[in-house]
Amino acid sequence: QVQLVESGGGLVQTGGSLRLSCTASSVIFNVVTMGWYRQAPGKQREYVATMTNRDTTAYSASVKGRFTISRDIGKNTVHLQMNNLKPEDTAVYYCHNQDKNGVDYWGQGTQVTVST
């Protein structure tokens, strides 16, 4: 079974940067979208950013201009560069892939904490 493993989370001060990575344990065939979601304490999981298999990107309004999603095809890895972090970005960040059959793959999550 394919696993998605996130890394790169941690504690950073307001205005700082972090780079999250998500690596698939094996190739997920026919991936249509790759992306990141986050869940803050007491809140529902929310969409952050996605990239299609044609490299089209999209971002939530709250992170647009500060976060950048990218991928390394050869390493089955998706990255999320997060700049100018704010306390409201504090959450567990989850990697997500979806294939052409609509099958969803999720990582276990990585904690991002932004201090004031």
Report summary line: Heavy-atom accessible area of the range 7-104 with neighbours in place, 1.4 angstrom probe: carbon+sulfur share in percent works out to 48
Query - Residue order for Ser62, Ser115 - accessible surface, 1.4 angstrom probe, largest first - result: Ser62, Ser115
Report summary line: Net charge near Gln39 (other residues with Cβ under 11 Å of its Cβ; Lys, Arg +1; Asp, Glu -1) is +2
**Report entry** Note, ³J(HN,Hα) from phi for the range 42-54, Karplus 6.51, -1.76, 1.60, rounded to Hz, x at Gly and Pro
**Finding:** x, 10, 6, 5, 10, 6, 10, 7, 9, 9, 8, 5, 9
Query raised in the report: For Ala61, what is the net charge nearby, where nearby means another residue's Cβ is under 13 Å from its Cβ and Lys, Arg count +1, Asp, Glu -1?
Result: 0
Requested in this report: Enumerate the calculated ³J(HN,Hα) couplings along the range 9-22 in order (Karplus 6.51 cos²θ - 1.76 cosθ + 1.60, θ = phi - 60°), each rounded to whole Hz, writing x wherever the residue is Gly or Pro.
Outcome: x, x, 9, 9, 7, 3, x, x, 10, 9, 10, 8, 10, 9
Query raised in the report: What's the Kirkwood radius of the chain in Å, using all Cα pairs?
Result: 14.1
Query raised in the report: Among the lysines in the chain, how many pairs, 8 or more places apart or on different chains, have alpha carbons under 22 Å apart?
Result: 4
**Report entry** Ordering of 23-36, 41-54 by burial proxy (mean other Cβ atoms within 10 Å per residue, highest first)
**Finding:** 23-36, 41-54
Requested in this report: Pull up the DSSP beta bridges for the chain and report the antiparallel fraction as a percent, rounded to 5.
Outcome: 90
Query raised in the report: At what distance in angstrom do the alpha carbon centres of the range 17-46 and the range 75-116 lie from each other?
Result: 4
Query raised in the report: When the dipole is taken about the Cα centre of the range 60-111, and only Lys, Arg (+1) and Asp, Glu (-1) are charged at their Cβ, what size is it in debye, to the nearest 20?
Result: 180
Requested in this report: Report, in debye and to the nearest 20, how large the dipole of the range 1-102 comes out about its Cα centre when Lys and Arg carry +1 and Asp and Glu carry -1 on their Cβ.
Outcome: 120
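The values are calculated or read from the model by the stated rules, or taken from the named source; none is laboratory data. The shown structure was predicted, so the numbers you read here are calculated from the model rather than taken from an experiment. In this analysis, Cβ positions are derived from the backbone assuming ideal geometry, glycine residues included, and neighbour counts consider all displayed protein chains. SASA here: full protein model, heavy atoms, side chains in, ligands and nucleic acids out. Shrake-Rupley method; radii C 1.70, N 1.55, O 1.52, S 1.80 Å.
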